[in-house]
Amino acid sequence: MSVGLPFFRYHPDPLASGSIRASAEVCACCERGREWIYTATFYTAHEVNGRFCPWCIADGSAAERFEGEFTDSYGLEAVSEDVLHEVTRRTPGFHAWQDPHWLVHCQEAAAFVGEVGYTELAAHPEALDQLRTDMRLDGWNDEDRLEHFLIHLGGGATAMLFRCTVCGVHLAYADAS
Ligand SMILES: [Zn+2]
Ligand SMILES: [Zn+2]
């Protein structure tokens, strides 16, 4: 990335995912116009007047000042507390229909790649297989219905694609309105 944004280990390309966009907006934390603004979720009990720049996310100042989190800790029970805090307090979240959550692989938080449809998901067969297995476990017993759902990902429902930060395997969960 050439724009000089801070690097987020667990969300390496927040421009591609749409979580960070070019904007003249002033950051609600440092109160400076930094040309980039964060557009996705932030959970806090405090009132926040505006949105955050990527630097106030990366150094933890936005999460600390407003006592908030960018992502729910759901699903992150297996990782260390340091990693948990890096994902929830110092990593941009992402846009999703349901409350976004993070996937874990090799007992490490995975890196969020982006929201994808069937074609992009099928480019990573291991992610497609894992999603199929998870959905069967979730009670999708009708194989035709399950395949129909998967093939139509990208319409009303999408897949959230991640990549393991340890072994590099891709994994995904399905998100629908
Ligand atoms: Zn800022
Ligand atoms: Zn792994």
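Taking springs between alpha-carbon atoms closer than 10 angstrom, which of Ala122, Ala109, Ala63 fluctuates most in the Gaussian network model of the chain? Comparing Ala122, Ala109, Ala63 in the GNM, the peak value goes to Ala122. Given a Förster distance of 35 angstrom, what is the FRET efficiency for Val26 paired with Ala123, based on the Cβ-Cβ distance and rounded to 0.05? For Val26 and Ala123, the calculated efficiency is 0.35.
If Lys and Arg each add +1 and Asp and Glu each add -1, what is the summed charge of the other residues whose beta carbon sits under 10 Å from the beta carbon of Phe42? Walk me through the numbers on the way to the answer.
Values: positive: Arg51; negative: Glu69.
So the surrounding residues net to 0.
Using just its DSSP H runs of length 4 or more, each adding -39500 (n - 2.57), the chain gives a mean residue ellipticity at 222 nm of -7000 deg cm²/dmol after division by all residues.
Taken about its Cα centre, the chain carries a charge dipole of about 560 debye when Lys and Arg each add +1 at the Cβ and Asp and Glu each add -1 at the Cβ. Applying a DSSP loop filter and a limit of 16 other Cβ atoms within 10 Å to the chymotrypsin sites (Phe, Trp or Tyr not before Pro) in region 52-156 leaves Tyr74, Trp97, Trp140.
Electrostatic bookkeeping for Val87 treats Lys and Arg as +1 and Asp and Glu as -1; over the other residues with beta carbon under 13 Å from its beta carbon, the sum is -4. Axis angle, to the nearest 10 degrees, between helix 125-137 and the longest C-alpha principal axis of the chain: 80 degrees. Taking the fewest neighbouring Cβ atoms within 10 Å as the starting point, the ordered list for Arg9, Arg132 is Arg9, Arg132.
Rounded to whole numbers, the Karplus 3J(HN,Hα) couplings from phi for region 58-68 are 4, 8, x, 5, 5, 5, 5, 5, 9, 6, x Hz, using 6.51 cos²θ - 1.76 cosθ + 1.60 with θ = phi - 60°, and x at Gly and Pro.
Taken together, the values in this text are just the output of simple stated rules run on the coordinates, not laboratory data. If you're wondering where the values come from, they're calculated on a predicted model, not measured in any experiment. Positions of Cβ are generated from backbone atoms using ideal geometry, with glycine treated the same way; all protein chains shown enter the neighbour counts.
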